[in-house]
Amino acid sequence: PVCDRTTSRPETVGKTHTWVEKRSLQRAHRRACLTGSSWYRGRHYNQSDFERMGCPPISLPAAADLTQNQKQDWQQCNRRHMTKGRLHFWQWNSGGLSTATMDEVKAWLVLNCVDVGVILETRLTFDAQWSDQHWNILHSGEGEHRGKGIMIFISKRICNMAQLRWQFHDSGRLVHVRIQVQPRPLDLVACYQHTYQATRTCQSARDRWWTKLDQVLHGLPNRNSLVLLGEIGR
């Protein structure tokens, strides 16, 4: 079956598309059913978005069952439909990050053409930086304290490790990365506030964190681009 009447905006459902557009929409829907989301005509949608547009639900095998050629084809299709001339960011609170989950996340980010990914609350304790086939990776933890941790993935498509400068202002909670890209440098600030508790100790820690964040933001050059990702609480 095909979707006879659909569009990329739910509020304008009713517009008739050509057969080529319908096939393109169906392919995007299949990618979303397999991987959770996909790009279509410059916008990022999940599976339920396509179904609200009129696409019928379908069942597909797990993404792990795709062959390498299929993954490359779907990645190229996503890249063709994504917005051009922009960087794409993604952030997730993992509640604890295992090696297997990290590998799945990296594969998903590559498939969906994400340029910068930030994972909060990794519960890993080390500070490190390394690279693999697709990513420059930074991680900030804090010794034996396992309630926080920030991991940042920066695609090698946009820069190499030599083009990165970073500082861990509050280990596992506040990280600043400067990416030397054109036409202007990009300042990425990843943050993870203390979980709220009605105690003086927690309130004091949260106030100190807000002060550090304020100092970091005020110290950034106005000429640079700025992206702030994370959980700041209330």
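The values are calculated or read from the model by the stated rules, or taken from the named source; none is laboratory data. Bear in mind the structure is a predicted one, so any value in this text is a computation, not a measurement. Note: ideal-geometry Cβ built from the backbone for every residue, glycine included; neighbour counts use all protein chains shown. These accessible areas exclude ligands, DNA and RNA; they are computed on the full protein's heavy atoms, side chains included. Shrake-Rupley method; radii C 1.70, N 1.55, O 1.52, S 1.80 Å.
Cβ-Cβ distances below 6 Å connect the following pairs, each with a first residue in segment 172-195 that is charged (D, E, K, R), a second residue that is open to solvent by less than 20 Å² (accessible area, probe 1.4 Å) and assigned to a strand (DSSP E or B), and a separation of six or more residues or different chains: R173/K148; R173/Y192; R178/D187.
Residue-wise test of (1) in a loop (DSSP other than H, G, I, E, B); (2) among the acidic types (D, E); (3) in contact with a helix residue (DSSP H, G or I) (Cβ under 8 Å, 6 or more places away or on another chain).
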position: G96; (1), (2), (3): yes, no, no
position: V110; (1), (2), (3): no, no, yes
position: W130; (1), (2), (3): no, no, no
position: R178; (1), (2), (3): no, no, no
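Go through the residues of segment 42-49 one by one and say whether even a single one is modelled with pLDDT under 70 and open to solvent by 60 Å² or more (accessible area, probe 1.4 Å). The answer is no; no qualifying residue exists. Go through the residues of segment 51-64 one by one and say whether even a single one is at pLDDT below 75 and within 19 Å of the chain's Cα centre (by Cα). Yes - at least one qualifying residue is present in segment 51-64. Residues in segment 180-209 that are of a type in the set (A, V, I, L, M) and assigned to a loop (DSSP other than H, G, I, E, B) were compared, and the one that is surrounded by the fewest Cβ atoms within 10 Å (Cβ to Cβ) is A198.
Scanning segment 104-131 for residues that are surrounded by fewer than 18 Cβ atoms within 10 Å (Cβ to Cβ) and over 14 Å from the mean Cα position of the chain (by Cα) turns up R123, T125, F126, D127, A128, Q129, W130, S131.
Does Q167 satisfy being in a strand (DSSP E or B), touching a helix residue (DSSP H, G or I) at 6+ places or on another chain (Cβ under 8 Å) and open to solvent by 10 Å² or more (accessible area, probe 1.4 Å)? Taking the combined requirement at face value, the residue does not satisfy it. The residues on offer are I150, I154, and the sole one that is touching a Lys or Arg at 6+ places or on another chain (Cβ under 8 Å), at negative phi and open to solvent by less than 30 Å² (accessible area, probe 1.4 Å) is I150. Would a scan of segment 191-209 turn up a residue that is out of contact with any Phe, Trp or Tyr (no Cβ under 9 Å at 6 or more places or on another chain), closer than 25 Å to R223 by Cα and of a type in the set (A, V, I, L, M)? The answer is no; no qualifying residue exists. Looking only at residues in segment 132-141 that are in contact with a strand residue (DSSP E or B) (Cβ under 7 Å, 6 or more places away or on another chain) and farther than 15 Å from L97 by Cα, the one that is most open to solvent (accessible area, probe 1.4 Å) is H134.
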